[in-house]
Protein chains: 4
Amino acid sequence: MKLDASASGVFPIAPTPFHADGRIDEASIDRLIERYLAAGADGVTVLGILGEAPKLEPEESLAITTRFIEGFGARPVIVGVSAPGFAAMRSLAHAAMERGAAGVMIAPLPSLRTDEQIVGYFRQAVEAIGADIPFVLQDYPLTLTVQMTPSVIRRIVEENPSCVMLKHEDWPGLEKISALRAFQKEGSMRELSILTGNGGLFLDFEMERGADGAMTGYAFPEMLTAVVRLQKEGRRDDAHDLFDAHLPLLRYEQQPGVGLAVRKYVLMRRGTLACDAQRRPGSTLSATARAEVDYLLRRLDQRSERLASWLAAS
Amino acid sequence: MKLDASASGVFPIAPTPFHADGRIDEASIDRLIERYLAAGADGVTVLGILGEAPKLEPEESLAITTRFIEGFGARPVIVGVSAPGFAAMRSLAHAAMERGAAGVMIAPLPSLRTDEQIVGYFRQAVEAIGADIPFVLQDYPLTLTVQMTPSVIRRIVEENPSCVMLKHEDWPGLEKISALRAFQKEGSMRELSILTGNGGLFLDFEMERGADGAMTGYAFPEMLTAVVRLQKEGRRDDAHDLFDAHLPLLRYEQQPGVGLAVRKYVLMRRGTLACDAQRRPGSTLSATARAEVDYLLRRLDQRSERLASWLAAS
Amino acid sequence: MKLDASASGVFPIAPTPFHADGRIDEASIDRLIERYLAAGADGVTVLGILGEAPKLEPEESLAITTRFIEGFGARPVIVGVSAPGFAAMRSLAHAAMERGAAGVMIAPLPSLRTDEQIVGYFRQAVEAIGADIPFVLQDYPLTLTVQMTPSVIRRIVEENPSCVMLKHEDWPGLEKISALRAFQKEGSMRELSILTGNGGLFLDFEMERGADGAMTGYAFPEMLTAVVRLQKEGRRDDAHDLFDAHLPLLRYEQQPGVGLAVRKYVLMRRGTLACDAQRRPGSTLSATARAEVDYLLRRLDQRSERLASWLAAS
Amino acid sequence: MKLDASASGVFPIAPTPFHADGRIDEASIDRLIERYLAAGADGVTVLGILGEAPKLEPEESLAITTRFIEGFGARPVIVGVSAPGFAAMRSLAHAAMERGAAGVMIAPLPSLRTDEQIVGYFRQAVEAIGADIPFVLQDYPLTLTVQMTPSVIRRIVEENPSCVMLKHEDWPGLEKISALRAFQKEGSMRELSILTGNGGLFLDFEMERGADGAMTGYAFPEMLTAVVRLQKEGRRDDAHDLFDAHLPLLRYEQQPGVGLAVRKYVLMRRGTLACDAQRRPGSTLSATARAEVDYLLRRLDQRSERLASWLAAS
């Protein structure tokens, strides 16, 4: 099943689990898949920036992709194929689709600046991988330094029918969602799935602005799916209550540079990953930082309990 | 009274209130001063980036400075004097000190890259303004794109006795506070006041890492002073409870680009500012964004009440 | 006389001469004016980046502007008014025009990224200074990090009738000139004067691509005026012969960071400036670098002689 | 034969020849090798930025490397192994050394900013590839945005005995060569080979400052080897005469973004490459640009003849 513009819900961005010596840890991948499915994930994205994709060998990338595709069964797997050259992008995209991926995700090269350069890049990328592979447009200025206006996104969407989804990760980004949805209302842009990133830091309001869901790696995917569901059901206050309970940890996780270390540590503490190691060059957590995360986890536990009893009582 | 390395507590970064037509609004400055004092501010910082300093004429900058100095009485006023050239920096620094400022704040030029360039710049800045004016070193990589390691900060502190305070605004930044305090413990760096920025987004943990307080513009300065006090009293959980109640709004306010618009809007809603206008080029809030802030303010109100009743009951 | 889109020829970018102690050196300004006029300059631009504008006090900026306007008589003086805020831009622009400036030059803020941000900025700038002041659009990506496509320049030109000239300083930039002239040929952009910068490094071909002249600070303005004249007369080979004789020095002068130091040193060696000092923060030349420039000057002398005798013989 | 710190002379940076359809053109590689050897190249560097390395598949990279190693016989081949992750860097470095490479070249990641980050990165890189593989430190701030001071380079050299060469490509960069050679004179840094890049734009003076030669891709490698030889023989004026004759073309070739297109076009015009195509994303030359290069080639021809007859007559 190929990805299309009607996709919605939560697609976690999967980290890549490693053993302490840097080898890929397949058993942890399997536990990760289990947890995602248990949390109600609608799909998953592998080989993203968070997944340490540039540190993987080509054959490793394909092995990880295949394992996720098998584990996710009918649910769609999106594969990050961003690369400095189109040759590598094309070969990974084709190999992933052959193995059953639902689509690919493409980020712009960090050197792109002007509107024309950005639009031209995606035109060339689609020529390279072929117009029959659905792709997710990744908009992540904080890390990639490429700034796409709503108009530029519209041009890319209109020019390339295979662009079916936006991974929205601008900061600030709420007005961008509103602008894109307004384009659609006025008829100047076709249907597009919008899933949001930024570690979920604005997911509460992003859903209200018109996002279809989340594509991010927060270590409690069950919160992401619950907030998305509550907002779709119109239970605004409940969605915010749940979201706010997680916000102290979520904010801690969303720090650039160390965020992945926090996330892998939480996933290890929760029993999902056997080890929180990153491949080098990577980051690690100090003992103090680990203690801070432990403290945040304890507080989240307590608050979740209170929240659960309120919800039960109400 | 000149600023020294023993300074601590909360020094709000003051926005500059404007009328809708761009003129400075003195009455709102007076209300801002009142509110800061009522919230227990230990001092104040004017003409920072948040204060739209680059948009002011020299005579306006001095008028604002003078008004704050008069309003704050014995409590210290710090004046931002960052400028592309040392001539303007020197003349503003001297004029501010003559009017009774306690010290000045200096940010590095955005073009600085290497450790030597950064250290050299502050050496030249001190030569320009004179070694008798206490200064605050502003470390704000997200906006200024200048990255200072703990070692570089130590070199600046050790080379320049007039450097008495760090405005800490790195992101992530917790380990930086720990590293600087470790330098002091091992005797390789002298006493230094560390006040933290970033809108307060990590104030809860920054205090635990050794910060002396906060220098930021969050629109509820009473929260900042209370968290700083609670942490100094060792009431960790209470500090986090209060902080977490504000976090949803604080996070919304801390968005780059639109943060000042949110802050001015909240200050207007609270009756402090008559108008939330910025001088051009500036940013504005959409109607949807205003409604979102209103919603966050209502939730903060409710949660503060519950928090107050819990605290009373415990 | 106000600047208009028919302007052409050479407008040197004037450095600001200082005494060793940092005071402005008026006598050297007068010699600079003399030399520019003797070299056949069609106008001059003051308070540019090269002119160390951000290091000047407002009253100094105006004094320099006035001195150049008096010295240049009927020939147009353009005044750089780029500033972080529109208040300062407006006040300097108005003061300069009152004193007899022909127009002003505006660079985009370095933080601008998208086409819309850039176009919006110039719209706001024109609102701020008034639509009756002719302005030069400065396009200098290497230093300002703002990239304007030909389409963006066209939008600015079409939206703002007071935009009469482009200071073209992109690198590479030849295709940009061709693209803009093609816009005019096809009727999609009105008349616009294009003067080129980059220290003159591509002036030989820029004239062939359709530039109207040069606006740069190379220390031999008589070369710039001669190349412009020779190219306008269709004497292509002679223009290149003259240009090539200067290229070794020109290339040395065009180095970022130290270029101004080289330029001021050459102007001092030629007797125009009394001193080659820059205001801090600035750069200086090592003894080795000065010797290298001396060597290049000697070689230029010899080659110019040979060139002159060939030209005489031919 | 492994590379060591006594290496000197000219190591051209080899472009990767492609057919129009993007396949690698082996016959052109062979002609390129012939020409380099005929020009007196002392070695060669493959898979650099200029070589479009990020656009190659891993197996292609190795095939190119092998072909150059076979063609160069006893002369050293350096292989660019820069990569976003250490896994790919290690596997390419090992594969290249097994096939007979003399050493590898490593550029810093563009995200590195502080001195400590840069030094730490090369420490990790050496751990990854092994301390027995000689490596070239690539210092190229214009493209990589990483600025290394002479002190940082010294720290890397002193910490890593396998660092045997600097590819010097800072701009401006003359003082950096002098600073590094001064370190060696004072005994604070061990022997290091310094080959310079930047398209050769300052090769004339770089040799006088103490460089050991050039590592760059200018399309007339015979000029590079001749200038290096003349400078080593102390024939300063002759070196500059020859260099100056090439400077107009060299400057044209050294434009960022289009430089490689110019270079491949010239190599095609000279009969070395069958085709000047780049893999996508790449750049192309307009018809006008091609005509400009043709003009520069004709002028170079004429000037070389005159130069040759002068040299013969003198």
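The values are calculated or read from the model by the stated rules, or taken from the named source; none is laboratory data. For clarity, every value in this text was computed on a predicted model and none was experimentally measured. Please note: Cβ atoms are built from the backbone with ideal geometry, for glycine as well, and neighbour counts cover all protein chains shown. Note: accessible area is taken over every heavy atom of the protein model, side chains too, but ligands, DNA and RNA are not part of it. Shrake-Rupley method; radii C 1.70, N 1.55, O 1.52, S 1.80 Å.
Here are some notes:
- Condition check for B:Arg270 on (1) within 26 Å of A:Ala291 (Cβ to Cβ); (2) open to solvent by 30 Å² or more (accessible area, probe 1.4 Å); (3) touching a Phe, Trp or Tyr at 6+ places or on another chain (Cβ under 9 Å): one failure, at (1).
- Residue match in the range C:271-278 (condition: at the interface with chain D (Cβ under 10 Å from one of its Cβ atoms) and hydrophobic (A, V, I, L, M, F, W, C)): no
- Restricting the search to helices (runs of 4 or more DSSP H) fully inside the range D:81-168 and requiring at least 3 residues that are under 30 Å from C:Leu142 (Cβ atoms) and free of Cβ contacts under 8 Å to residues at least 60 places away in the same chain gives D:115-129, D:150-159.
- Candidates D:Leu56, D:Leu112, filtered to the one that is farther than 30 Å from B:Val152 by Cβ and of a type outside the set (D, E, K, R): D:Leu56
- Any hit, the range D:292-305, residues being under 28 Å from D:Ile177 (Cβ atoms), within 19 Å of the chain's Cα centre (by Cα) and hydrophobic (A, V, I, L, M, F, W, C): no
- Residue count for the range B:238-249, restricted to those that are open to solvent by less than 10 Å² (accessible area, probe 1.4 Å) and more than 10 Å from every other protein chain (Cβ to nearest Cβ): 2
- For the range A:196-215, a tally of residues being among the acidic types (Asp, Glu) and open to solvent by less than 10 Å² (accessible area, probe 1.4 Å) returns 2.
- Matching residues, the range B:22-46, being closer than 24 Å to B:Arg279 by Cα and without any contact (Cβ under 8 Å) to a residue 40 or more places away in the chain: B:Arg23, B:Ile33, B:Glu34, B:Val44, B:Val46
- Residue ID - surrounded by the most Cβ atoms within 10 Å (Cβ to Cβ), chosen from residues in the range B:294-309 that are modelled with pLDDT of 90 or more and in contact with a helix residue (DSSP H, G or I) (Cβ under 6 Å, 6 or more places away or on another chain): B:Leu296
- All told, C:Thr114 meets the bar of being surrounded by fewer than 23 Cβ atoms within 10 Å (Cβ to Cβ), among the β-branched types (Val, Ile, Thr) and away from chain B (no Cβ under 11 Å).
- Search result, residues across the range A:60-71 that are buried (at least 20 other Cβ atoms within 10 Å of the Cβ) and away from every other protein chain (no Cβ under 14 Å): A:Thr65, A:Phe68, A:Ile69
- Residues that are open to solvent by less than 20 Å² (accessible area, probe 1.4 Å), of a type in the set (A, V, I, L, M, F, W, C) and more than 23 Å from B:Gln124 (Cβ to Cβ), drawn from the range C:31-59: C:Leu32, C:Ile33, C:Ala39, C:Ala41, C:Val44, C:Val46
- Hey, B:Ile133 farther than 29 Å from C:Ile49 by Cα and modelled with pLDDT of 95 or more or not: yes
- Residue that is at pLDDT 95 or above, assigned to a helix (DSSP H, G or I) and of a type in the set (D, E, K, R), where the choices are A:Asp42, A:Asp30: A:Asp30
- Verdict on C:Arg31 being basic (Lys, Arg) and under 16 Å from C:Met97 (Cα atoms): no
- Test: residue in the range D:5-19 that is modelled with pLDDT of 95 or more, surrounded by fewer than 20 Cβ atoms within 10 Å (Cβ to Cβ) and not hydroxyl-bearing (Ser, Thr, Tyr): yes
- Checking the stated criteria, D:Gly103 turns out not to satisfy the condition of being closer than 27 Å to D:Asp276 by Cβ, touching a Leu at 6+ places or on another chain (Cβ under 9 Å), more than 12 Å from chain A (Cβ to nearest Cβ) and surrounded by 21 or more Cβ atoms within 10 Å (Cβ to Cβ).
- Count of the range C:175-195 residues, restricted to those that are under 21 Å from D:Ser286 (Cα atoms) and open to solvent by 10 Å² or more (accessible area, probe 1.4 Å), is 10.
- Any hit, the range D:151-163, residues being touching a Cys at 6+ places or on another chain (Cβ under 8 Å), among the aliphatic types (A, V, I, L, M) and within 14 Å of another protein chain (Cβ to nearest Cβ): yes
- Criterion: open to solvent by 10 Å² or more (accessible area, probe 1.4 Å) and aromatic (Phe, Trp, Tyr) - qualifying residue of B:Tyr265, B:Tyr218, B:Tyr252: B:Tyr265
- C:Thr149 touching a strand residue (DSSP E or B) at 6+ places or on another chain (Cβ under 8 Å) and open to solvent by less than 40 Å² (accessible area, probe 1.4 Å): no
- Within the range D:52-69, the residues that satisfy the criterion of being touching a residue at least 24 places away in the same chain (Cβ under 8 Å) and of a type outside the set (A, V, I, L, M, F, W, C) are D:Glu52, D:Lys55, D:Pro58, D:Glu60, D:Ser61, D:Thr65, D:Thr66, D:Arg67.
- Any chance D:Arg75 is touching a residue at least 12 places away in the same chain (Cβ under 8 Å), out of contact with any His (no Cβ under 8 Å at 6 or more places or on another chain), open to solvent by 40 Å² or more (accessible area, probe 1.4 Å) and in a loop (DSSP other than H, G, I, E, B): yes
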